[in-house]
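The structure appears right after this line, and notes come after that.
The values are calculated or read from the model by the stated rules, or taken from the named source; none is laboratory data. Remember, it's a predicted structure, so these values are computed and weren't measured experimentally. A quick note on method: Cβ atoms are made from the backbone with ideal geometry, for glycine too, and the neighbour counts reach across all protein chains shown. All accessible areas refer to the heavy atoms of the entire protein, side chains included, with ligands and DNA or RNA removed. Shrake-Rupley method; radii C 1.70, N 1.55, O 1.52, S 1.80 Å.
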Amino acid sequence: MIAKVNSSAVLGINAYLVEVEVDLSRGMPSYSTVGLPDSAVKESKNRVESAIKNSGLIFPLKRITVNLAPADIKKEGSSFDLPVAIGVLSAAGIVSGDRLQDTIILGELSLDGSLREIRGTLPMSLAVKEMNFKNILVPEANQKEAAIVQDINVRPANNLRQVVDFLNGDIEIEPYKVDIDSLFKEFAKYPVDFSEVKGQESAKRAMEVAAAGGHNIITIGPPGAGKTMLARRIPTILPELTLEESLETTKIHSVAGFLTHGKALVATRPFRSPHHTISDVALIGGGAHPRPGEVSLAHNGVLFLDELPEFNKNVLEVLRQPIEDEEVTISRALMALTFPARFMLVSAMNPCPCGYFGDPNHHCTCTPGMIQRYVSKISGPLLDRIDIHIEVPTLSYQELSEKSPGESSEVIRERVNKARKRQLERYKDKKGMFCNAQLGSKDIRKYCIIDESSEQLLQMAIQKFGFSARAYDRILKVSRTIADLESSGDIKPEHISEAIQYRTLDRKYWMT
């Protein structure tokens with residue numbers, strides 16, 4: 001007898017329907033799985049058999065063949081345990097097939113028949129809604145995540161026996177519902193705030209400008225100056241996540257297995273800070289079974305690279321494409337997967353190998369050659385994609401001992417939101433453009449028009465500091481953002497002047 005159970009799997013960050021077919025036939029007792037299963041799927045045989053027996057049910061001693069269709073896509077993970085077990089019991093006549101037709105079943109089985117948490121529940125729930133199924137049956141640990149998708153019945157279960165009784169109509173599992181607004185309020189809280197940062201007013205201002213325009217930023221300063229502390233607070237001043245952004249971000253984290261237990265929704269801007277020993281595959285994504293990398297996990301948030309020159313050169317070079325395209329394409333022989341990667345790049349570095357070049361309180365032991373080799377580890381093409389360079393000096397005792405708190409993140413975020421609204425209004429006719437950081441050369445000429453006095457100021461800066469053509473464009477983009485923060489329709493000389501200060505690594509005097 002053949003039984004069919006509907007399930008789902010994830011390919012990239014999107015889910016697709018998997019039909020689990022189970023055939024019981026005469027012959028020597030055996031168990032085989034076809035349909036391109038990976039090791040975890042093949043090992044489900046032992047889990048399924050033990051779970052059925054330990055749930056007080058009869059495991060059929062027949063020739064069992066399990067097919068996972070479509071058969072041309074690699075199946076991975078342990079979420080097929082429950083649908084396979086139900087398929088075996090249905091083919092044996094123990095489970096009625098009446099409720100199977102409109103239900104998607106997911107879950108990993110323990111040997112005692114209890115259900116364990118699985119990855120990728122949210123994209124699977126979204127797929128259930130798109131495919132017009134009425135029910136999705138998931139482990140209780142995944143109920144919140146699955147219920148984020150409205151207009152479907154999420155049926156949470158604790159064990160295999162409960163699922164069998166539900167499918168036979170002996171018990172009813174009530175649909176689980178969540179209030180998305182309540183979840184947003186519960187999870188949309190940051191553990192840090194800009195009011196905790198003492199001093200560093202110029203650096204805070206640069207962070208505000210970067211957040212307002214979506215600009216990539218690099219901070220340069222000695223150890224202990226507060227570069228990491230400042231970076232960790234940038235997500236707190238970025239505009240709040242919309243529901244659409246939150247769902248997209250949650251999908252990525254769910255597939256990667258980074259959703260913490262009980263947290264069904266990513267309601268704050270992600271902050272990812274990989275160590276400088278990271279590989280290019282871990283940063284960009286990929287592997288034998290392609291997974292999202294750090295750039296995708298930072299989607300709609302911040303990717304922070306501390307000690308930037310310490311990263312391997314090939315790792316930094318692969319960043320150029322996702323920064324430009326806001327997505328990553330992983331190509332394999334039989335498929336190509338695209339992961340979103342729209343993030344704000346924030347990086348930090350010491351001014352020299354010892355870290356104290358230009359610090360009045362410490363003696364720098366580095367030679368000019370050592371400093372030049374250290375700084376040159378950051379390639380021109382990557383530096384070309386970083387709009388703001390800011391120095392973060394060592395704090396004085398007066399700044400450290402200051403009692404009164406600084407501006408809170410909420411106050412700064414209000415100004416950032418106003419600037420972002422001006423940009424959204426300005427670029428409403430340009431598809432895919434949301435902030436000043438996305439301006440291309442043609443757009444800069446259209447939206448960053450400056451008057452004669454500003455032209456003269458910019459010309460003098462280029463001659464004095466030796467700015468390149470790329471620095472010229474960056475200064476205009478940042479000036480546009482500064483003007484937006486000041487609610488000014490025109491770019492004024494004072495906006496140009498401030499933007500010039502944010503080109504530290506382009507100035508000729510850096511190496512003198």
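Potential lengthening of the chain between K313 and S468 amounts to 53.5 nm, from the contour at 0.36 nm per residue minus the alpha-carbon distance.
Within the assembled protein chains, the solvent-accessible surface assigned to E327 is about 80 Å², based on a 1.4 Å probe.
Beta bridges from DSSP with both residues in the chain: antiparallel share about 45 percent, rounded to the nearest 5. Taking 37 °C and 0.692 mPa s as conditions, the chain diffuses translationally at an estimated 128 µm²/s according to Stokes-Einstein applied to its Kirkwood radius (Cα pairs). Inter-part distance, segment 444-498 to segment 371-422, computed on C-alpha centroids, equals 19 Å.
Per residue, what accessible area does the chain have, given a 1.4 Å probe and all protein chains present, in Å²?
Details: 23030 Å² over 512 residues.
The answer is 45 Å² per residue.
Proximity of backbone amide H atoms, modeled 1.01 Å from N, is registered between L11 and Y16 at under 5 Å, excluding neighbours fewer than 5 places apart on the same chain. Distance from the alpha carbon centroid of segment 58-94 to that of segment 103-117 works out to 13 angstrom. Dipole of the chain computed with +1 at Lys/Arg Cβ and -1 at Asp/Glu Cβ about the Cα centre; of S401, V10, T103, farthest Cα towards the positive end is V10. When D473, D429, D306 are compared by accessible surface with a 1.4 Å probe, the order from highest to lowest is D429, D306, D473. Normalised by 2.2 N^0.38 Å, where N counts its residues, the alpha-carbon radius of gyration of segment 293-443 equals 1.32. Look at the dipole of the chain built from charges on Cβ: of F80, S479, N314, the Cα furthest out on the positive end belongs to N314.
Between L305 and V346, S347, A348, the built amide H atoms are under 5 Å apart, and every one of these is 5 or more places off in sequence or on another chain. Accessible area ranking (1.4 Å probe, heavy atoms, ligands and nucleic acids excluded), largest first, for R26, R272: R26, R272. If R0 is 35 Å, what FRET efficiency do you get for A288 and D170 from their C-beta distance, rounded to 0.05? Plugging the Cβ-Cβ distance into 1/(1 + (r/R0)^6) gives 0.25. Evaluating 6.51 cos²θ - 1.76 cosθ + 1.60 at θ = phi - 60° for every residue in segment 68-74, the Karplus couplings come out as 10, 9, x, 7, 9, 10, 4 Hz, glycine and proline recorded as x.
Counting pairs of alpha carbon atoms under 8 Å apart in space and at least six apart in sequence, what relative contact order in percent does segment 296-441 give?
Contact order relative to length: 20 percent.
About its Cα centre, the chain has a charge dipole of approximately 760 debye under the convention of +1 per Lys or Arg Cβ and -1 per Asp or Glu Cβ, with nothing else charged.
Quick one: length gained pulling F187 to N417 fully straight, 0.36 nm per residue minus the C-alpha distance?
Gain on extension, F187 to N417, equals 80.8 nm.
When the inverse distances between all different Cα atoms of segment 219-295 are averaged and flipped, the Kirkwood radius reads 14.6 angstrom.
Using a cutoff of 8 angstrom between alpha carbon atoms and counting only pairs six or more residues apart, the relative contact order for the chain works out to 13 percent. Taking every protein chain into account, the 1.4 Å probe leaves S114 with about 40 Å² of accessible area, to the nearest ten. In this view, the solvent-accessible surface of S273, computed with a 1.4 Å probe and all protein chains in place, comes to about 50 Å². Remark: segment 325-333, residue by residue, has Karplus-estimated 3J(HN,Hα) of 9, 6, 7, 10, 10, 9, 9, 10, 4 Hz, where x stands for each Gly or Pro and the curve is 6.51 cos²θ - 1.76 cosθ + 1.60 at θ = phi - 60°.
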